[in-house]
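J.: One structure coming up, written as C-alpha cells, with questions to follow.
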C-alpha cells in the first residue's frame, strides 16, 4: 500500500525517509516539508496520509471535525520555550513580569510555541493574556479563530516584527525559538541570559517538557490496525537504530542542554513514544489551549489519539 508521508527531517525520521527502515506492507511516498507551518496548513487540506503537524493546529482541526487522529510519536518539536522570549532593544522592560500593559509581538497568536509561552508568562510570571496588547504579522492558519473576550490582538500588515521591534512599537517578542534571523537579532536581546537554568527551573516547577508537534494520520487510514501497527513498529525500529549510533545528533533544545543532563532532568527518555510518558506535557498543552480560547472544550487525550493502541504506546 502506498502512503503519502510528510515529516520534518530529524535524526528520528531519517531512517524512514531514507528507506533504511520500511514499514511492513507499506510504501512511503516521502515529502520533506520546508516548515511545520507549511505541513500543518497542508494537512488542514488533508494533503497527506501521514504527516507531522503543530499540536495546536491538530487539536483545533479535530475540534472542527477534520478526519485526523494522532499517533503517540513525537519526532521533533520537543523543546523548552524560554529561548523564544526576546525584548526590543528600545524597551525599558527588563523582566517578563514587567510586560503588563505592554505590546508583545508574535508570528501568529495560535501557534503551539506561543500557547506554551503564554502559559509560562501566566504560571511563572503572573502575566495573563489579557494583560498584554498582542501584535502579529502573519495570518492565522484557521479562519475565524479569534482570541477570547478581553484579549487584544492586532494583525500588523504594513510592517514585520523586525521593524516593530526596531522602532520600539513592541516591547517584547514571542518566537518559536532562538537564535533569531539577523534582522530580528539586531534589534532585540534575549529575555534570559541563561536559558538552560531558566528551563531547568521551569521543568522542576512544572514537570513538563513541552510538545510542539505530533505525528497524525487520516482517520480512515487509522481504522486499519495493520497499517497503524506497521507504522508504530517502523518508528520503534528507527528509534532503536538511531540509539545505536555513536554519532547521533539528538534533537536537543537549542540552548545548550546535553543529552545526559536532559535525560537526568526528565528522569528518562526525553523523546519517548507513547501516551503515558508524555501525558503531563499533553495535558498541560490541552489545559493551556482551552484556557486561552483556542479550544471551545478541553478534550481528553484519548479523543485525539488512535484507539486500541498496543500496550507499549498507551
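The values are calculated or read from the model by the stated rules, or taken from the named source; none is laboratory data. Since this is a predicted model, take the numbers as computed values, not measurements. Neighbour counts run over all protein chains shown; Cβ positions are idealised from the backbone, glycine included.
J.: How about the stretch 229-249: which of its residues are in contact with a helix residue (DSSP H, G or I) (Cβ under 6 Å, 6 or more places away or on another chain) and farther than 26 Å from residue 69 by Cα?
T.: 241, 248
J.: Same structure again: Would you pick out the residues in the stretch 207-251 that are in a loop (DSSP other than H, G, I, E, B) and in contact with a strand residue (DSSP E or B) (Cβ under 8 Å, 6 or more places away or on another chain)?
T.: If the condition is that a residue be in a loop (DSSP other than H, G, I, E, B) and in contact with a strand residue (DSSP E or B) (Cβ under 8 Å, 6 or more places away or on another chain), then 209, 210, 212, 251 are the ones that fit.
J.: Sticking with this one: Only one of 304, 265, 309 is closer than 25 Å to residue 59 by Cβ and either surrounded by fewer than 18 Cβ atoms within 10 Å (Cβ to Cβ) or at pLDDT below 95 (or both); which? Can you show your working first?
T.: Numbers: 304 fails: either surrounded by fewer than 18 Cβ atoms within 10 Å (Cβ to Cβ) or at pLDDT below 95 (or both); 265 fails: closer than 25 Å to residue 59 by Cβ.
Of 304, 265, 309, the one residue that is closer than 25 Å to residue 59 by Cβ and either surrounded by fewer than 18 Cβ atoms within 10 Å (Cβ to Cβ) or at pLDDT below 95 (or both) is 309.
J.: Going by the conditions given, is residue 227 under 18 Å from residue 52 (Cα atoms) and either outside the structural domain of residue 123 (by TED's automatic domain parsing) or in contact (Cβ under 8 Å) with a residue 12 or more places away in the chain (or both)? It would help to see each step written out before you state the result.
T.: Details: under 18 Å from residue 52 (Cα atoms): yes; either outside the structural domain of residue 123 (by TED's automatic domain parsing) or in contact (Cβ under 8 Å) with a residue 12 or more places away in the chain (or both): yes.
For residue 227, the condition - under 18 Å from residue 52 (Cα atoms) and either outside the structural domain of residue 123 (by TED's automatic domain parsing) or in contact (Cβ under 8 Å) with a residue 12 or more places away in the chain (or both) - is met.
Residue-by-condition table, conditions (1) in the same structural domain as residue 34 (by TED's automatic domain parsing); (2) closer than 22 Å to residue 287 by Cα; (3) more than 21 Å from the chain's Cα centre (by Cα):
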| residue | (1), (2), (3) |
| --- | --- |
| 74 | yes, yes, no |
| 108 | no, yes, no |
| 132 | no, yes, yes |
| 144 | no, yes, yes |
| 148 | no, yes, yes |
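J.: A follow-up question, please. If you go through the stretch 77-91 one residue at a time, how many are in contact with a helix residue (DSSP H, G or I) (Cβ under 8 Å, 6 or more places away or on another chain) and part of a loop (DSSP other than H, G, I, E, B)?
T.: The qualifying residues number 5.
J.: Here are the criteria: (1) more than 22 Å from residue 3 (Cα to Cα); (2) touching a residue at least 60 places away in the same chain (Cβ under 8 Å); (3) assigned to a loop (DSSP other than H, G, I, E, B). Tell me which single one residue 60 does not satisfy.
T.: Every listed condition holds for residue 60 apart from (3).
J.: Kindly list the number of the only condition in (1) under 30 Å from residue 314 (Cα atoms); (2) out of contact with any helix residue (DSSP H, G or I) (no Cβ under 8 Å at 6 or more places or on another chain); (3) at pLDDT below 95 that fails for residue 149.
T.: If we test residue 149 against (1) under 30 Å from residue 314 (Cα atoms); (2) out of contact with any helix residue (DSSP H, G or I) (no Cβ under 8 Å at 6 or more places or on another chain); (3) at pLDDT below 95, just (1) comes out false.
Yes or no, residue by residue, for (1) without any contact (Cβ under 8 Å) to a residue 60 or more places away in the chain; (2) farther than 25 Å from residue 118 by Cα; (3) touching a helix residue (DSSP H, G or I) at 6+ places or on another chain (Cβ under 6 Å); (4) not assigned by TED's automatic domain parsing to the domain that holds residue 165:
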| site | (1), (2), (3), (4) |
| --- | --- |
| 34 | yes, yes, no, yes |
| 39 | yes, no, no, yes |
| 51 | no, yes, yes, yes |
| 55 | no, no, yes, yes |
| 70 | no, no, no, yes |
| 93 | no, no, no, no |
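J.: Looking at 206, 279, which one is within 22 Å of residue 53 (Cβ to Cβ) and within 19 Å of the chain's Cα centre (by Cα)? Steps first, please.
T.: Details: 206 fails: within 22 Å of residue 53 (Cβ to Cβ).
Answer to the selection: 279.
J.: If residue 37 passes every condition in (1) in contact with a strand residue (DSSP E or B) (Cβ under 9 Å, 6 or more places away or on another chain); (2) modelled with pLDDT of 95 or more; (3) not in a loop (DSSP other than H, G, I, E, B) but one, which one does it miss?
T.: For residue 37, the failing item is (2).
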